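None of the figures in this text is laboratory data; all of them are computed from the coordinates on show. What you see is a predicted model, and the numbers here were worked out from it, not measured in a lab. In this analysis, Cβ positions are derived from the backbone assuming ideal geometry, glycine residues included, and neighbour counts consider all displayed protein chains.
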Amino acid sequence: MLSNVPAVKSAAQQHNLCMGTMDSWLLYRLTHGKQFKTEPSNASRTQLLDIHSVQWDQQLCDAFGVPIDALASIEQSNALFGETDFAGWYTI
């Protein structure tokens with residue numbers, strides 16, 4: 001998408017792109033865009049996580065062409081991730 005979708009490429013260039021897993025998308029939607037986070041077990045599924053430091057790995061992000069600043073922040077699994085009024089739900 002970064003190579004073939006102009007809007008995605010533009011958002012990345014403007015540092016206004018969010019790339020994440022299902023959990024980070026749900027959190028973002030349910031908090032009306034206030035929170036964009038994930039936790040280590042979900043972050044590890046991206047293959048971009050340094051499991052020793054529990055941080056995104058810059059070399060891996062560069063190798064896959066993923067802007068590290070577009071990834072969700074990584075929080076401990078028992079952290080407070082946000083609050084919702086469930087108004088973030090919508091139907092397609």
Restricting region 1-27 to residues that are among the hydroxyl-bearing types (Ser, Thr, Tyr) and within 9 Å of the chain's Cα centre (by Cα), the one nearest to GLY65 (Cα to Cα) turns out to be THR21
Taking region 32-44 and keeping only residues that are touching a strand residue (DSSP E or B) at 6+ places or on another chain (Cβ under 9 Å) and surrounded by fewer than 16 Cβ atoms within 10 Å (Cβ to Cβ), one is left with PRO40
Residue set PHE81, PHE86, PHE36; condition touching a Cys at 6+ places or on another chain (Cβ under 6 Å) and touching a residue at least 24 places away in the same chain (Cβ under 8 Å); output residue PHE36
Open item on the list: Tell me yes or no: at least one residue of region 21-31 is in contact with a helix residue (DSSP H, G or I) (Cβ under 6 Å, 6 or more places away or on another chain), in a loop (DSSP other than H, G, I, E, B), in contact (Cβ under 8 Å) with a residue 24 or more places away in the chain and surrounded by 13 or more Cβ atoms within 10 Å (Cβ to Cβ).
Closed with: yes
Reported set for region 1-14 where residues are in a helix (DSSP H, G or I) and either surrounded by 11 or more Cβ atoms within 10 Å (Cβ to Cβ) or touching a helix residue (DSSP H, G or I) at 6+ places or on another chain (Cβ under 6 Å) (or both) is VAL8, LYS9, SER10, ALA11, ALA12, GLN13
Given the conditions (1) out of contact with any Pro (no Cβ under 9 Å at 6 or more places or on another chain); (2) part of a loop (DSSP other than H, G, I, E, B), every one holds for LEU17 apart from (1)
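Assess whether LEU17 counts as being of a type in the set (A, V, I, L, M, F, W, C), in contact (Cβ under 8 Å) with a residue 12 or more places away in the chain and touching a helix residue (DSSP H, G or I) at 6+ places or on another chain (Cβ under 6 Å).
Against the criterion (of a type in the set (A, V, I, L, M, F, W, C), in contact (Cβ under 8 Å) with a residue 12 or more places away in the chain and touching a helix residue (DSSP H, G or I) at 6+ places or on another chain (Cβ under 6 Å)), LEU17 qualifies.
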Taking region 52-80 and keeping residues over 13 Å from the mean Cα position of the chain (by Cα) and closer than 19 Å to SER41 by Cβ leaves HIS52, SER53, VAL54, ASP57, LEU60, GLN76, SER77, ASN78, ALA79, LEU80
In region 58-91, residues that are under 25 Å from LYS9 (Cα atoms) and surrounded by fewer than 17 Cβ atoms within 10 Å (Cβ to Cβ) total 11
